[in-house]
Amino acid sequence: MDLGADVAYDRFVVEAKKEQATLVCMSALLTTTMVGQKEVIRLLREAGMRDRVKVLVGGAPTNGNWAGEIGADGYAENAVEAVHVADRLMAS
């Protein structure tokens, strides 16, 4: 499910609950939007969902260090790599 661009952070949680998602993927295009990834992870944790929802992040300003810093389960540099990382996350 693609939520589109400029999505309210809490909508990720609402939609993940509604769809019973096991994976949430987020891309940030600017350094100013990276903080949204961290906030969505916080909201998932606050909603009690973090233990059953894996989080994959990516986007031009992000990297593996950022993913680790914010508590994401995975990072991908591009869409092709994201598919492989998502497969690994879902298998674990």
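Brief remarks on what is shown
- Residue list for segment 46-64, restricted to those being farther than 12 Å from Tyr75 by Cα and either among the small types (Gly, Ala, Ser) or surrounded by 15 or more Cβ atoms within 10 Å (Cβ to Cβ) (or both): Ala47, Gly48, Met49, Arg50, Val53
- Hits in segment 3-41 (condition: in contact with a strand residue (DSSP E or B) (Cβ under 9 Å, 6 or more places away or on another chain), loosely packed, with under 14 Cβ neighbours inside 10 Å and in a helix (DSSP H, G or I)): none
- All positions within segment 65-76 that are over 11 Å from the mean Cα position of the chain (by Cα) and surrounded by 14 or more Cβ atoms within 10 Å (Cβ to Cβ): Trp66
- Restricting attention to segment 51-65, the residues that are assigned to a helix (DSSP H, G or I) and either in contact with a strand residue (DSSP E or B) (Cβ under 7 Å, 6 or more places away or on another chain) or within 24 Å of Lys17 (Cα to Cα) (or both) total 1.
- Annotation note: Cβ proximity below 7 Å between a residue of segment 1-22 that is modelled with pLDDT of 95 or more and a residue that is acidic (Asp, Glu) (sequence gap 6+ or interchain) occurs for Leu3/Glu15; Tyr9/Glu39.
- Filtered residue count, segment 38-64, keeping only those that are among the hydrophobic types (A, V, I, L, M, F, W, C) and touching a Ser or Thr at 6+ places or on another chain (Cβ under 9 Å): 3
The values are calculated or read from the model by the stated rules, or taken from the named source; none is laboratory data. The structure displayed is predicted, hence computed values, not measured ones. Neighbour counts are summed over all protein chains in view; Cβ atoms, including those assigned to glycine, are modelled from backbone coordinates with ideal geometry.
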